[in-house]
Amino acid sequence: MPLQDLPCLSLQGSMLTQSNKRKSRNFLSEGLDTECTPTELIQQCSPRHKLQRLNTKDKENDYGHFVLARRPRRKKESSTGISWDQLPDELLLKIFFYLPLQDLLGISRVCKRWHRLMFDESLWHSVDLEGMTQADAALRHVLKTKVTRLRCPRSYVEEPLQMAELDLSSSIIPTSVLESIICGCRQLRCLSLEGLQLSDLIIKSVAQNTHLLQLNLSGCSGFSDAALTDMLQSCSSLEQLNLSWCEFSSSHIRGVTENLSSAVTHLNLSGYRETLTLEDVKMLVDRCPHIQTLDLSDSTLLMADSFPVLAQLKHLQHLSLSRSQAPPPSLDLGTTIPSLCLLDVFGLVPNGHLPVLKKDLPRICINSKPFSTIARPTPASTPAVPLSDRSMWGSRCRLRVQPSCSIVLQPS
């Protein structure tokens, strides 16, 4: 090759070099991952890495050691901005007041504060436990201290209770336990022990409740005529008394008629076929002239001469003489006892004569009450009604157990 051509080659080489530089710049825009890309250009074009700062500082970080630190979790803020712990006791009690019985017992396990509030007496004024066979430990503790009105018929009770209105009708209670229950009560106003085995100690304990207004001892037994006499003399405020179908002798009946308070307005002495005599009825009328409801059913010793005696009761509104030996009421019964509104003569008047008697006595309702309601907490004569409408001596219980084990809340 001639020497004069070398400058041209050098010029062409320089031009080639410049063109290669331009191509390399274009390649950088397309991608920096090619093998021909210079390392310096990659460092210049790539974004700078951010240095990760360590938030926590301790002795190891000060000395230059690398330490992993965990950021603390942030507390989740409540959407409402307020917690249950911030509510005052008064507001919590107001909320608990509308809880059913089962939930009310359940909140005692939430925390110590709710356990304390659950036993507040404002929540346990009246309870109806019909349908509950045996109460749990928490409920038994409440029943002993807080409840003033309790209805638990046909239930199993094994611990003492204290209250003002108590219905233990047909319950399973040992006599010793019942003695401890009644001995602890001094402010009873209404009491029903129907169908239970009693003792003289129980009757004497009942006598300590001088403000007793309604007493139901129907079907009871196990106490003497002396204990019964002392109780009737002590409970001078009695207004309703049910002593039907008890295991009474002639001494028991005589003790009732001779010591009954004049304040009695509703009396049931039915079921004494061989012990209730006309002399007892005369004594009864003399001592209790304000009687409004009188049940002498199944008294086989009462004859026609009992009607003139009963006519002395000027306030008598309801008379029951079912299955007695007295003759059918005469047509002048409406004038003999002008205040009489209800007359029960089941088994005394034949069914064929009953329409005639109702026609002759249009002002008197005949055979409308097959069961006695005297001193009973829930009248048996009431037609089948929803359990939520049942009452206890005229007042509803706030907390109630249904037979299906569900709970119903009623306003007090």
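Can you pull out the trypsin sites (Lys or Arg not before Pro) in the range 297-371 whose DSSP state is coil and whose Cβ has at most 11 other Cβ atoms within 10 Å?
For trypsin sites (Lys or Arg not before Pro) across the range 297-371 that sit outside H, G, I, E and B with at most 11 neighbouring Cβ atoms in 10 Å, the list reads Lys314, Arg363.
Using θ = phi - 60° and the Karplus relation 6.51 cos²θ - 1.76 cosθ + 1.60, list the HN-Hα couplings for the range 108-113 in order, rounded to whole Hz, with x at every Gly or Pro.
Here the 3J(HN,Hα) series is 5, 9, 6, 7, 5, 5 Hz.
Excluding same-chain pairs closer than 8 in sequence, count the lysine pairs in the range 239-376 whose Cα atoms lie under 22 Å apart. All intermediate terms of the calculation are to be shown ahead of the outcome.
Details: Lys282/Lys314; Lys314/Lys369; Lys358/Lys369; Lys359/Lys369.
Going through the range 239-376 pair by pair, I get 4.
Starting from the range 195-296, pick out the trypsin sites (Lys or Arg not before Pro) whose DSSP state is loop and whose Cβ has at most 14 other Cβ atoms within 10 Å.
Those satisfying the criteria are Arg273.
First measure r as the distance between the Cβ atoms of His315 and Thr210, then evaluate 1/(1 + (r/R0)^6) with R0 = 25 Å and state the FRET efficiency to the nearest 0.05.
0.50
Return the FRET efficiency for the residue pair Ser251, Arg273: r is the Cβ-Cβ distance, R0 is 22 Å, and the value is rounded to the nearest 0.05.
Numbers: r = 16 Å, r/R0 = 0.75.
It comes to 0.85.
Could you report the accessible area of His266 in Å², rounded to 10, computed with a 1.4 Å probe on the protein chains as they sit in the structure?
Looks like 40 Å² after rounding.
What FRET efficiency comes out for Leu91 versus Lys358 if R0 is 45 angstrom and r is the Cβ-Cβ distance? Round to the nearest 0.05.
According to the calculation, E is roughly 0.15.
The values are calculated or read from the model by the stated rules, or taken from the named source; none is laboratory data. It should be emphasised that the depicted structure is a prediction, and the values quoted were computed from it without experimental measurement. Methodologically, a virtual Cβ is constructed for each residue, glycine included, from the backbone with ideal geometry; neighbour enumeration extends over all protein chains shown. Heads up: the accessible areas ignore ligands, DNA and RNA and are worked out on the full protein's heavy atoms, side chains in. Shrake-Rupley method; radii C 1.70, N 1.55, O 1.52, S 1.80 Å.
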